[in-house]
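> Submitted below is the structure of interest, expressed as structure tokens.
The values are calculated or read from the model by the stated rules, or taken from the named source; none is laboratory data. Here the structure is a predicted model, which is why all the values come from computation and not from measurement. FYI the Cβ positions are ideal-geometry reconstructions off the backbone, even for glycines, and counts take in every protein chain you see. Keep in mind that these areas ignore ligands, DNA and RNA; they rest on the heavy atoms of the full protein, side chains included. Shrake-Rupley method; radii C 1.70, N 1.55, O 1.52, S 1.80 Å.
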Amino acid sequence: MTEEETKEEFLEEDGGELEDLRRYIEDFTSFLPLAFCMVNPLDYILDSNKAFQDITGYEKMEVIGSNIGILFKNKGKLESFIARVASKSTAVEEEVTLITKEKKEIPVKISALSRKDEEGSFSGYFLTISDITETKRFEEELERKIKERTEELERAKERLEESEAVLEVKIKARTKELAELNENLEEKVKERTSELEERTEDLERKTKEMEQTQTALLNLAEDADESLHEAEKEKEKTEAIIKSFVDGLFFFDPEKNLSLANPKAEDMFDVKSRDIVGRSTKELRTFPTLKPLINLVGRDIKNIFREEISVGENIYFEVTTIPIKHEKRDIGTLINVHDITREKSIEKIKSEFVSVAAHQLRTPLAGIKWTLQTILEEGETENVPEEIIEFIKRAYEANDRMVNLVNDLLNVTRIEEGRYVYEPEVTDLMEVINPIVEDYKNHIEKKGLRFEFKKPEKELPKVKIDKEKIGIVVQNFLDNAMKYTKEGKVTLEIRYSEGKIKISVTDTGVGIPEDQQKRLFNKFFRAANVQRMDTEGSGLGLFIAKNIVDAHKGKIGFVSKPGKGTSFYFTLPESKGEVDEFFKSF
């Protein structure tokens, strides 16, 4: 009998009971972030959850009935692992390499727990898969930093020995100084070692939590296998959990009629389930407290992720809609409502504090800047030593950076308060761009880079913009291109197409790591590679730029290849009056 015939025969024999088991387990695992599957004694996959499909790239129907070996690289290691699973009654773990549908290799940790039938015979096993890419990456980074630190200490030691040979005559005079230097070096090593130990402890804690989660899941699956006859009782427990959930939950069936509202949802919107269950979204709009929620999600319940609504004075909720599917069939939509009133209050207090602190800093910083500038101007005529002048210049530059940071913080506060863009006017965009090009062209070329300005082929239409703020966006793009490009060129290009003007700045610099690109427009975020090149950035420039462009009803984005360069761009609509109302409400 062939392997395929054996597989089909086994699946037919276990069909009924395994189908009940799969459905039950699927109810428990469909929302879990941990990849999970059920495998029979012949190593064929019987079922899997959504997280399993996400990590492997295979749809459920592509893997059901397939040998588990297709997912892993080292077949011998996998066979040994499965043999241990079959021989033990406790969970077994192993680190292996997962091969996704797209042939991508991912380091993972697999955990399995054997299943026994009523006679105690091996009847398959449950398998979980955890992506440990970040763990591996952290371990490698940890080893690299320790190695770099060790090499640095070795080099310091070698330099010290050479200095002792050359400066033997002055050894007594230098002994105290070298001892202090060595003491400071040891203190830094201790501090760094302490930091690495803390990070290691944090990683171990997270790993332990993940192991506990895996163990709990495997225990749950084992209980389910032994207690199929108690399914109804478990269902009641699930309903109890939903009723006790800390967030408000509304479940709508495929026809967009409300099927369930938990007690928390009743409290949040001051309604009763008996009054709203069974009603359509259109009917629910007649309830005053529910109207803001229904207006947000719409009659057909659109996809929403963490959007805010206000249902009263200083009361804010965060709404997320979750389509629920079973075997590619739409069974309804879950609306999760999270109370963020406290977070909004804290955010408001934080913004007010930053605003007050920044305003308080501006005056003394301006005084320091004026004083240092006066000293520098008079120092050239008073024969002040060049060394002193150099120190004052450094202080002046540091103060200037501090002023820029304070201005950025004030801009962020204004953005959060919705009053940043406030002087829109119809203008020629080139009147904003040309002075910036003249200013930056010399700076870029002095750095040894080529600069190219690609002007539009035709005259641009008028745009309604805040000239100062759009200038800030272009300057931010050019600043980043100049700072993070060691060689090559920087290109500023302006195009017009289909009622939109596109401004882009392209460089041949270091690029942006792919795993960090999604966070680029977040406040205070800076990519790891640019932090090593320039430690003085605030991480606010692109956040401010995005909010400026959003306020102009434009779009901002970028395309980047690590090590080859980046192209930042934003678009502006031509002035037709449609931007006016937006500015009034901003």
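> Tally time: how many residues in the stretch 550-576 are surrounded by 21 or more Cβ atoms within 10 Å (Cβ to Cβ) and not polar (S, T, N, Q)?
7
> Further question: Restricting the stretch 46-63 to residues that are charged (D, E, K, R) and either in contact with a Gly (Cβ under 6 Å, 6 or more places away or on another chain) or outside any helix (DSSP H, G or I) (or both), which is least open to solvent (accessible area, probe 1.4 Å)? Give the derivation first.
Start the filter on the stretch 46-63 by keeping residues that are charged (D, E, K, R), which leaves 47, 50, 54, 59-60, 62.
Checking which are either in contact with a Gly (Cβ under 6 Å, 6 or more places away or on another chain) or outside any helix (DSSP H, G or I) (or both) leaves us with 47, 59.
Values: Asp47: 17, Glu59: 86 Å².
Per the stated criteria, the residue is Asp47.
> Would you pick out the residues in the stretch 291-303 that are more than 16 Å from His338 (Cβ to Cβ) and of a type in the set (A, V, I, L, M, F, W, C)? Quick ask: steps written out before the conclusion?
If we filter the stretch 291-303 for residues that are more than 16 Å from His338 (Cβ to Cβ), which is where we start, we get 291, 294-295, 298-303.
Passing the criteria: Ile294, Ile301.
> Across the stretch 132-162, what is the number of residues that are over 36 Å from the mean Cα position of the chain (by Cα) and in contact (Cβ under 8 Å) with a residue 12 or more places away in the chain?
Within the stretch 132-162, residues that are over 36 Å from the mean Cα position of the chain (by Cα) and in contact (Cβ under 8 Å) with a residue 12 or more places away in the chain number 2.
> Just checking, how many residues over the stretch 431-455 are within 18 Å of Leu572 (Cα to Cα) and either without any contact (Cβ under 8 Å) to a residue 24 or more places away in the chain or open to solvent by 30 Å² or more (accessible area, probe 1.4 Å) (or both)?
Result for the stretch 431-455: 4.
> Scan the stretch 482-490 and give yes if some residue there is modelled with pLDDT of 85 or more, open to solvent by less than 60 Å² (accessible area, probe 1.4 Å) and within 27 Å of the chain's Cα centre (by Cα), otherwise no.
Within the stretch 482-490, one or more residues are modelled with pLDDT of 85 or more, open to solvent by less than 60 Å² (accessible area, probe 1.4 Å) and within 27 Å of the chain's Cα centre (by Cα).
> Keeping to the stretch 540-549, report how many residues are small (Gly, Ala, Ser) and open to solvent by less than 20 Å² (accessible area, probe 1.4 Å).
Total meeting the criteria: 1.
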